[in-house]
Amino acid sequence: DLSTTAESNSPTGSDSPSQIDNYIRSHASIIRQVSDAKADLTDIIDYSASSGSSLVGFLQSGTGAVATTVQAKLRESVSVKDFGAVGDGVADDTVAIQSAIDAGKTYLTTTSGREIYFPPGRYKVTTIDLTACHGVHLVGAGAYATEIFTSGTNQVIKAIGSSSAPLNKAGVKNMTIRGGGKANTSAHGIDLQWANTCYLENLVFFGCRNALNLAHQWQTYLTNISVHGGGADQSYIGVFMDATDLTYIDNAVIASGVVVQSTSGYGFRIINGQGSKFVNCEAGGNPMVYAWYIGDPPSGTVPCQWLHISNCLGDSTTGTTWLIRQGTASELSQIQISNCWAGNGDKGFYLDGLSYSALTNLLSVGHASSAIVLNQCAYVTVSNSVFKTCNENLSVGVYDIALQSSTYCTINGCTSEPLIAGKSLVETGSSNTNTIYGNNLFQGMTLIGANTQAFRNIAAKTENKGQIDLLSGTTSIVVSHGLVVTPDLSCISVTPKTGIGLAKSYWITTPTATTFTINVDANPGANIGFCWNIVLSKTQ
């Protein structure tokens, strides 16, 4: 300790001149030692903010931990506040946030960037651009802790690449995104086009044209997303999926836990969804028009196929709850819908131009009109489904299950509640070659297709048989057939068990919904036993 040494050698009043002279010389030596030591320390430590942390070591606890520096540890993630973002809802943080993103995207390679953290706060922006920001992850402190909102009418976050330069492995999560108003056609929450293995997770949206505006996605994950709000916070569409380049029609997303409530347009608008999967998603709430609107491109011939939708809900809409329509699309096919609900709309499911598809375990409840309509469909199966309290307006010509000019379709294992005003099932138009079997159709059905097959349907019985005796002294007998529909004469066969006695011929007349009559041309002179059988080709 140089200061202690100097103090111990301080002169006193009794020291001789030579002693004082020795003290001065020794003190000068101490001053030089202190000066040299300070210079050495200055060479070792730079206390400036830019580089001081690079000289401080950091070692994680635990066996095998590798030593690094505090600077390297802190730079594992980037905060937008490192670049001057304020997050007070007043200052425009666009430049600061974009600077943080630009720093993050150059971290490693074209497929691996770094996390950009948004501490709690409200960040005002014009538009954040993630184009070419491969591997960059925008991460908030929570859906209601971090909010990004736009001061303009464009997208809040956008990444619009191309077929040759899609965005790779980027993501946005844990924040609220507030758009520039549903009336502004470009005011999307996240506008993501041409993306490969990206993700959007734990997000809440308000006031957007399309909360998610998606096109040309390859395995993009949508997880735990909510779109809701009223008034200025109301959005127009929750999830919009399009194809902007008809050369490339892929638009595959994997969506789970996406909830869209009370938008003024649609919940899910899927023009193109090649190979997409939706699980545990829902949409509904007035004034929403369609909860699920699939296919029907406004222009062009984009195919819509290979969709898988499971355990999803559509409810409380002003129009059809599930509208699946071919329109000008070149193809609407190979769509699988299972374990899904439709409630409280105009119609439950309206399938228009759908082919080679399967719908199973549906529940369609409380609609003003039909539970399910197949219009100009082919090779579509509807099975194991329940249709309850539909046709609430008691409209004439409305049915629980309607096949309109549809062919080669199958209705199997379905139950129609007996309280509807019209028939449980009807064929109209050019419907033919359909198969209707094993259903509970309590209001009966009307089939017009010459090659349509209907059998084993409870309460709309399509076949029956029995035996009856025409007594001696009579020339006719009325048979109760028990079908509750009027069979054509061609559907009834009658055969005498042994002969017809003195009579020479027999025939059938007057079929009704409950009976028909067997006639002979003369008193047979003895009782005649007849076997009868009915197999309906059409049920009316």
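The values are calculated or read from the model by the stated rules, or taken from the named source; none is laboratory data. These numbers come from a predicted model, not from an experiment. Note that we place each Cβ from the backbone using ideal geometry, even for glycine, and neighbour counts take in every protein chain shown. Just the protein is used for accessible areas: all its heavy atoms, side chains included, with ligands, DNA and RNA removed. Shrake-Rupley method; radii C 1.70, N 1.55, O 1.52, S 1.80 Å.
Of the solvent-accessible surface of segment 266-352, computed with a 1.4 Å probe over protein heavy atoms with every protein chain present, carbon and sulfur atoms account for 47 percent.
The Cα center of segment 370-427 and the Cα center of segment 194-257 differ in position by 32 Å.
Label-to-label distance, LEU59 versus VAL95, with points set 7 angstrom from Cα along the beta-carbon direction: 4.4 nm.
Taking N as the number of residues in the chain, what value does Rg over Cα atoms divided by 2.2 N^0.38 Å take?
It is 1.64.
About the centre of its Cα atoms, the chain shows a dipole size close to 1720 debye [charges on the beta carbon of Lys, Arg (+1) and Asp, Glu (-1) only; nearest 20 debye]. Once backbone amide H atoms are built at 1.01 Å from N, GLN274 has ASN251, GLN305 as its partners under 5 Å, excluding neighbours fewer than 5 places away on the same chain. Of the accessible area of segment 151-195, computed with a 1.4 Å probe over protein heavy atoms only, carbon and sulfur atoms account for 42 percent. Residues of segment 441-480 falling in the label zone of CYS531, defined by backbone nitrogen less than 15 Å from a point 7 Å along Cα to beta-carbon, are 464-469. Taking 0.36 nm per residue of separation and subtracting the current Cα-Cα distance, fully stretching the chain between ASN393 and ASN523 would add 41.3 nm. With the highest mean first, a sort of the peptides 430-439, 516-525, 202-211 on other beta-carbon atoms found within 10 angstrom per residue produces 202-211, 430-439, 516-525.
Positive contributions from Lys and Arg (+1) and negative ones from Asp and Glu (-1), summed over other residues with Cβ under 14 Å from the Cβ of SER276, come out at 0. Scalar couplings 3J(HN,Hα) for segment 398-413, obtained by applying the Karplus form with A = 6.51, B = -1.76, C = 1.60 to θ = phi - 60°, are 10, 9, 4, 10, 10, 10, 10, 6, 10, 9, 6, 9, 10, 10, 9, x Hz; x denotes Gly and Pro. The label-point distance for ALA450 and TYR221, in a model that sets each label 7 Å from Cα toward Cβ, rounds to 5.7 nm.
Could you give the length gained by full extension between GLN336 and SER264, i.e. 0.36 nm per residue of separation minus their alpha carbon distance, to one decimal place?
Result for the pair: 23.2 nm of gain on full extension.
Annotation: lysines with alpha-carbon distance below 19 angstrom to LYS124 (same-chain offsets under eight excluded): LYS81, LYS158, LYS173, LYS182.
What is the extension gain from ASP233 to HIS308, computed as 0.36 nm multiplied by their sequence separation minus the C-alpha to C-alpha distance, in nm to one decimal? All intermediate terms of the calculation are to be shown ahead of the outcome.
Details: separation 75, 0.36 × 75 = 27.00 nm, distance 3.07 nm.
The span from ASP233 to HIS308 would gain 23.9 nm if fully extended.
Each residue of segment 140-148 is assigned a 3J(HN,Hα), and the resulting list reads x, 8, x, 4, 10, 9, 10, 10, 10 Hz, derived from the Karplus form 6.51 cos²θ - 1.76 cosθ + 1.60 (θ = phi - 60°), x at Gly and Pro. From helices alone, the chain scores -3000 deg cm²/dmol at 222 nm; the rule is -39500 (n - 2.57) for each run of n ≥ 4 DSSP H residues, then divide by the residue total.
Taking every alpha-carbon pair under 8 Å whose residues sit at least 6 apart, the chain reaches a relative contact order of 5 percent. DSSP assigns beta bridges within the chain; of those with both partners inside it, close to 15 percent run antiparallel.
Dividing the alpha-carbon Rg of segment 205-270 by 2.2 N^0.38 Å yields what?
Its radius of gyration relative to the 2.2 N^0.38 Å reference: 1.13.
What the Cβ-Cβ distance of ASP102 and THR328 gives, at R0 = 45 Å and to the nearest 0.05, is a FRET efficiency of 0.60. Computed over segment 121-232, relative contact order equals 24 percent, with contacts defined as Cα pairs under 8 Å that lie 6+ residues apart.
Using a probe of 1.4 angstrom and keeping all protein chains present, the accessible surface of the chain works out to 43 square angstrom per residue. Could you state, as a whole-number percent, how many of the C-alpha pairs of segment 120-232 are farther apart than 21 Å? For segment 120-232, the share of Cα pairs beyond 21 Å comes to 28 percent.
Which order do GLU417, GLU115 take when ranked by solvent-accessible area (1.4 Å probe, heavy atoms of all protein chains), largest first?
The residues order as GLU115, GLU417, largest area first.
Modelling each spin label as a point 7 Å along the Cα-to-Cβ direction, I'd like the VAL86/VAL386 distance in nm, to one decimal. Taking the two extended label points, one gets 5.8 nm. Of the listed residues TRP218, TRP194, the order by accessible area with a 1.4 Å probe, largest first, is TRP218, TRP194. Shape of segment 120-185 from the C-alpha gyration tensor: oblate (a/c of 1.5 or more and a/b not above b/c, with a ≥ b ≥ c the square roots of its eigenvalues). Here's the picture: a label point sits 7 Å out from the Cα of GLU463 along the beta-carbon direction, and within segment 492-530 the residues with their amide nitrogen under 18 Å of it are 492-495.
Based on the alpha-carbon gyration tensor of segment 322-459 and its eigenvalue square roots a ≥ b ≥ c, which shape applies: rounded if a/c is under 1.5, prolate if not and a/b is larger than b/c, or oblate? It is rounded, given that a/c, with a ≥ b ≥ c, falls under 1.5. In the structure shown, the pairs LYS277/LYS347; LYS277/LYS388; LYS277/LYS423 are assessed against 30 Å; a Cα-Cα span above that value is assigned to LYS277/LYS423. Per-peptide packing, taken as the mean over residues of other Cβ atoms within 10 Å, places 397-404, 450-457, 494-501 in the sequence 397-404, 450-457, 494-501 from highest down.
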